[in-house]
Amino acid sequence: LEDPDLVPAVRDRVVEAIARLGAETVDVDFPELDLVDDALGAIVLREAWEVHHELFAREGENYGPGTRALLELGAKVTDAEYEAGLADREKIAAAFARVFQTVDVLAGPTVAYPAPHEDPPFGAPEGEVESRYSAPYNLAGTPAISLPAGLAAGNLPAGLQLAAAVCADELLLSVAHRYEEAA
């Protein structure tokens, strides 16, 4: 919630949503989050390239410009960068396991800004922060869910994201259900 890119109205909706849960809140220390962007970028770009490279070689002009640009970046990910990304993913997953020994659920915003009318264009600043809060969970394989947290700027929705430990899906869904009943 201290992220300077988090729109104040979204922060307010998320704080209100967390309060609706009626749970005790604590801050957690998670320095491994600094590893997420590079690790996710190396892994996702490289694996996307591996899946698409043959079709891309034949029909690259049929890909949209944003997808084409991402695939071209994926072609440049070295083996060393990919292996480092995989190693960092393990560190991040271990850090989540450590955090979930002290808390049952993590709560925060889904995205730093209200839902846009359409996806931000490739390379736009909004696109750079679009997955900032969901990427760590995706990378580590940690279950997470996004729920409506109310309306923010422009009468557009803000999202509350909840996450729980690996294999704690039932707990996560029960907390999400509790929130929906309270909201």
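Counting only residues that are open to solvent by less than 90 Å² (accessible area, probe 1.4 Å), touching a helix residue (DSSP H, G or I) at 6+ places or on another chain (Cβ under 8 Å) and not β-branched (Val, Ile, Thr), how many does segment 162-182 have?
6
Scanning segment 132-182 for residues that are of a type in the set (Asp, Glu) and more than 18 Å from the chain's Cα centre (by Cα), which turns out modelled with the highest pLDDT? Before you say what the answer is, go through the steps one by one.
To start, the set of residues in segment 132-182 that are of a type in the set (Asp, Glu) comprises 169-170, 180-181.
Now narrow it down to the ones that are more than 18 Å from the chain's Cα centre (by Cα): 170, 180-181.
Numbers: GLU170: 98, GLU180: 95, GLU181: 94.
So the residue we want is GLU170.
What tally of residues in segment 1-58 results from selecting those that are in a loop (DSSP other than H, G, I, E, B) and modelled with pLDDT of 95 or more?
Number satisfying all stated conditions: 0.
Those residues that are open to solvent by less than 40 Å² (accessible area, probe 1.4 Å), among the small types (Gly, Ala, Ser) and in contact with a strand residue (DSSP E or B) (Cβ under 9 Å, 6 or more places away or on another chain), I need them from segment 105-114; list them, please.
GLY108
Taking segment 67-104, which residues are open to solvent by 40 Å² or more (accessible area, probe 1.4 Å), closer than 13 Å to THR142 by Cα and of a type outside the set (D, E, K, R)?
Matches in segment 67-104: ALA94, ALA97.
Starting from segment 1-25, take each residue that is free of Cβ contacts under 8 Å to residues at least 24 places away in the same chain and on the phi > 0 side of the Ramachandran plot and list its partners that are open to solvent by 80 Å² or more (accessible area, probe 1.4 Å) and of a type in the set (Val, Ile, Thr), counting only C-beta distances under 9 angstrom and pairs at least six apart or across chains.
Filtered contacts from segment 1-25: no entries.
Here are ALA158, ALA182, ALA107: which of them is among the hydrophobic types (A, V, I, L, M, F, W, C) and out of contact with any Lys or Arg (no Cβ under 7 Å at 6 or more places or on another chain)? Let's see the steps before the verdict.
On the way: ALA158 fails: out of contact with any Lys or Arg (no Cβ under 7 Å at 6 or more places or on another chain); ALA182 fails: out of contact with any Lys or Arg (no Cβ under 7 Å at 6 or more places or on another chain).
Only one candidate qualifies: ALA107.
The values are calculated or read from the model by the stated rules, or taken from the named source; none is laboratory data. Only a predicted model underlies this, so the values are computations on that prediction, with no experimental measurement involved. All Cβ positions, even for glycine, are placed from backbone atoms using ideal geometry, and neighbour counts span all protein chains on display. Ligands, DNA and RNA are stripped out before the accessible areas are found, and what is left, the full protein with its side chains, is counted by its heavy atoms. Shrake-Rupley method; radii C 1.70, N 1.55, O 1.52, S 1.80 Å.
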